[in-house]
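The values are calculated or read from the model by the stated rules, or taken from the named source; none is laboratory data. Bear in mind the structure is a predicted one, so any value in this text is a computation, not a measurement. Neighbour counts run over all protein chains shown; Cβ positions are idealised from the backbone, glycine included.
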Amino acid sequence: TKIISFESSADETSVAIVEDGHIILSNAVATQINSHQRFGGIVPEVASRHHIEWITRVLDDALQTADVKPTELDAVAVTYGPGLVGSLLVGLMGAKTFALAHNLPIIPVNHLAGHIAAANFNQPIIYPALALMVSGGHTELVLMHEENSFAVLGETRDDAAGESFDKVGRLLKLPYPAGKTIDEMAHRGQATIKFPTAMAHEDNYDFSFSGLKSAVINYVHHAEQKGEIINHDDLATSFQNAVVDALIGRTRRALKDFPVKSFILAGGVAANTQLRQELATLLETIPETQFIPVPHQYTGDNAAMIGAAGYWHYKQKKFAGLDLNTDPGLDFDLLKG
Ligand code: ATP
Ligand code: FE
Ligand code: MG
């Protein structure tokens, strides 16, 4: 089964062709990060315009690289939420037009389910599975009893993990998005500052990162007032330790309460080297649970992951009509049950 997929929820325009949910025939990605960097974040109007400019080129690229003709395809998968409405609309229109022109069924895909499905590019997910989905806009612990089924155990009450990296990055005047840069700085620094790990003792699976962000901002402002020079690498190490501690603590707890066959690490923050390393170490102590992190190159937004999740729907014959609309605020709760 060959599925062509479209992803345009934020600042990546991407089209992929994936066979049987795990063989990537092509994955064309055009990123617009350079256009947004001077604003320190995504500007929605600029993003939509870029998607319109790039979508047909990215589509041609995906078809050419895969060396697949439209007649050989079985379905069109598309991200319909969550994300920026103007951005989502461009991918959705592209997908609908392609489906109509080539008489193919449309599969609506939740972007977050896509992030998780990308674990199948590492090895087949074994169920029941627990997923830690950490990205620019979301931080969730999700229990999957079976394929394409999601029950949210816990989520962030304020900032997402990736968002906290980006906000600390903005404070340190690092280019947006700052996750990768802070990750690199953290390797060079020392954990000289003790920041709080939020909610460590609370009886749930939720996260909170706004307190940590405030603590970092206060630390920097106090130092500036006293005329002290801060070692930014040390600050990065100390901050990243606090984020990783919080993520690991909740994960350890959930893994204890819900014995699962596999544990998935997904979303843009899954690229973080310290998080990957410490989770790998934790999972070594739980031999009955297989650690399946999304391969590093598929952690960020891409259409291949939408093709992987689209295949789940395809097998269940969950298709949409040409009246499919975007759902910018979509989350996992709508997929429950
Ligand atoms: P969502 O998926 O919630 O809709 P998004 O699509 O914008 O949000 P992703 O593209 O999945 O988010 O992830 C981007 C985030 O990942 C950014 O916040 C970025 O800083 C972060 N990130 C990327 N690489 C790293 C890294 N090595 N360490 C920490 N964070 C990282
Ligand atoms: Fe994403
Ligand atoms: Mg992104």
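Could you say which residue among A47, A131, A101 is modelled with pLDDT of 95 or more and either buried (at least 22 other Cβ atoms within 10 Å of the Cβ) or within 30 Å of F258 (Cβ to Cβ) (or both)?
Being modelled with pLDDT of 95 or more and either buried (at least 22 other Cβ atoms within 10 Å of the Cβ) or within 30 Å of F258 (Cβ to Cβ) (or both) holds for just one of A47, A131, A101, which is A131.
Being free of Cβ contacts under 8 Å to residues at least 60 places away in the same chain and either closer than 17 Å to Q190 by Cβ or touching a Leu at 6+ places or on another chain (Cβ under 9 Å) (or both) is the filter here; which residues of the range 254-272 pass it? Break it down stepwise before answering.
To start, the set of residues in the range 254-272 that are free of Cβ contacts under 8 Å to residues at least 60 places away in the same chain comprises 256-257, 259.
Passing the criteria: only D257.
When residues of the range 64-97 are filtered for being assigned to a helix (DSSP H, G or I), surrounded by fewer than 20 Cβ atoms within 10 Å (Cβ to Cβ) and away from ligand 2 (no atom under 16 Å from the Cβ), how many remain?
10
Determine which single condition P108 fails, assuming it passes every other condition in (1) under 19 Å from I3 (Cβ atoms); (2) part of a strand (DSSP E or B); (3) within 16 Å of ligand 3 (Cβ to nearest atom).
Just one mismatch for P108, condition (3).
For the range 174-222, how many residues meet the condition of being part of a loop (DSSP other than H, G, I, E, B), β-branched (V, I, T) and buried (at least 18 other Cβ atoms within 10 Å of the Cβ)?
Residues in the range 174-222 being part of a loop (DSSP other than H, G, I, E, B), β-branched (V, I, T) and buried (at least 18 other Cβ atoms within 10 Å of the Cβ): 2 in total.
Could you please let me know if I193 is of a type outside the set (G, A, S) and within 20 Å of G154 (Cβ to Cβ)? Give the steps one after another, and end with the answer.
Details: of a type outside the set (G, A, S): yes; within 20 Å of G154 (Cβ to Cβ): no.
No: the conditions fail for I193.
With the structure loaded, tell me whether E45 is under 24 Å from S164 (Cα atoms), within 16 Å of ligand 1 (Cβ to nearest atom) and either touching a residue at least 60 places away in the same chain (Cβ under 8 Å) or not hydrophobic (A, V, I, L, M, F, W, C) (or both) or whether it fails that test.
Against the criterion (under 24 Å from S164 (Cα atoms), within 16 Å of ligand 1 (Cβ to nearest atom) and either touching a residue at least 60 places away in the same chain (Cβ under 8 Å) or not hydrophobic (A, V, I, L, M, F, W, C) (or both)), E45 does not qualify.
V18 versus (1) at pLDDT 95 or above; (2) farther than 16 Å from A304 by Cβ; (3) surrounded by 22 or more Cβ atoms within 10 Å (Cβ to Cβ); (4) in contact with a Gly (Cβ under 8 Å, 6 or more places away or on another chain): which is the lone unmet condition?
(2)
Here are L174, L153, L212: which of them is under 22 Å from the mean Cα position of the chain (by Cα) and without any contact (Cβ under 8 Å) to a residue 12 or more places away in the chain?
Working: L153 fails: without any contact (Cβ under 8 Å) to a residue 12 or more places away in the chain; L212 fails: without any contact (Cβ under 8 Å) to a residue 12 or more places away in the chain.
So the residue among L174, L153, L212 that is under 22 Å from the mean Cα position of the chain (by Cα) and without any contact (Cβ under 8 Å) to a residue 12 or more places away in the chain is L174.
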